[in-house]
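Worksheet for the structure shown next.
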Amino acid sequence: MSGTVGTNSGRVSGTIGAAAAGPTVSASDPAIDTNAAVGTQWANSASGEFFVCTDATTDENVWTNVGDGSGDISPWAYGGTAYGHTLAGGAYPYGNVHDRFSFTSDGDAADVGDTTGTRAYGCANKSTTHAYFSGGSTALTITSASDKVSFASGGDSVATGDTLTTTNRYQVESNDIDNQIGYLACGKGSGSATRIEKLAFASDTFSTSSASAYNDANGCAGNSSKTYGYIMGDKDSPYTLIQKYVFASESTGTEVGSLTIAMSGSVWNGTSSTEYGYCAGTSGAGPADDSIQKQSFSSDGDSTDVGNLLTAFGWAAGQSSTTYGYVSSGVYPTAHNVIQKYSFSSDGNSTDVGDVTVARYGPCGSEV
């Protein structure tokens, strides 16, 4: 109610204002484009879920679930918020070291466990709970082995119980996080060089997709948008192809643009922001290069040169936070242990932020 409280002996006086607005009540959840002020409340009358707007950015709002349920409403993001992981790799003979470094503070990596085997040039996928390490070379043999490590508990990796449908190395990974499927495209091994394999995270099983890549590629940069997997670079001259394949339907990939600077078959360290795919450095068939390039997910087209690594090198691991792309280890002309990062929000050169525990090349990168 509203009105004026009169003066009374022993009582205070004042005005009772209008009643505060209650939560919006709806049979559905809010969405990222449900625009509201910070602090706005939302009650789902069908599920009982209760949300509060904690970030009021037009069409990219964050609605935090503050009730007994789970699941916040927030814009899609590929990168991690806690740690980057560098898995195996090394100068021959290969190693099995699993390093982890912080995204929240710069510094050296820590050795947090071992992969199940000593190998390099494999493919790293990630679910919301695990990093997967599949294929690659062990000694001089190409393998179909696959193992995974828990982000929550860390430690040594364990075998997934299934293997790649073919022996393969130099594959290019992408991840459909929403639908919990990892993709492993092309590579160098048995079977078609344009094949795409799928890894179902819920069951840890591999299958061959009926889709195929637009063109053969290996050792290139893999990127992930919300709906597409991208491959930057290819194995044949002029080494500039950018292609993509759609996650939702199994159809042949398409060419979408060209790299501004040729990246031969040892780019490897692809990273992804919400808007762009990045590749950095190379030391393959052509001359070594230190360029950082990005390509738009929304418009496709050619890449642009946006900065430089500390030195020219390749065969490194790539990791994505929500704000930075990372490159760890790598080789040219010898293996090194440097961790570098470059900003997604502003173009520019990378900076040295720490070291992995062992200098190596051909590792895989993941993030959480």
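The values are calculated or read from the model by the stated rules, or taken from the named source; none is laboratory data. Everything numeric in this text was worked out from a predicted model, so none of it was measured. Cβ placement follows ideal geometry from the backbone for every residue including glycine, while neighbour counts extend to all protein chains displayed. SASA here: full protein model, heavy atoms, side chains in, ligands and nucleic acids out. Shrake-Rupley method; radii C 1.70, N 1.55, O 1.52, S 1.80 Å.
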Test for Ser346: is it open to solvent by 20 Å² or more (accessible area, probe 1.4 Å), without any contact (Cβ under 8 Å) to a residue 12 or more places away in the chain and not β-branched (Val, Ile, Thr): yes
Hey, could you check region 267-289 for residues that are open to solvent by 30 Å² or more (accessible area, probe 1.4 Å) and part of a strand (DSSP E or B) and say which is farthest from Gly233 (Cα to Cα)? Tyr276
Of the residues in region 100-142, those that are surrounded by fewer than 24 Cβ atoms within 10 Å (Cβ to Cβ), of a type in the set (S, T, N, Q) and either within 19 Å of the chain's Cα centre (by Cα) or on the phi > 0 side of the Ramachandran plot (or both) come to Ser102, Thr104, Ser105, Ser127, Thr128, Thr129
Would you mind stating whether Asn96 is modelled with pLDDT of 90 or more and in a strand (DSSP E or B)? yes
Which of the residues spanning region 307-328 are of a type outside the set (Val, Ile, Thr), out of contact with any Asp or Glu (no Cβ under 7 Å at 6 or more places or on another chain) and under 15 Å from Glu367 (Cβ atoms)? Ala316, Ala317, Gly318, Tyr324, Gly325, Tyr326, Ser328
Of all residues in region 238-258, which are of a type in the set (Ser, Thr, Tyr) and either touching a Ser or Thr at 6+ places or on another chain (Cβ under 8 Å) or modelled with pLDDT of 95 or more (or both)? Tyr239, Thr240, Tyr245, Thr252, Thr254, Ser258
Taking the criterion of being among the small types (Gly, Ala, Ser), surrounded by fewer than 24 Cβ atoms within 10 Å (Cβ to Cβ) and over 30 Å from Thr260 (Cβ atoms), would at least one residue in region 223-231 satisfy it? no
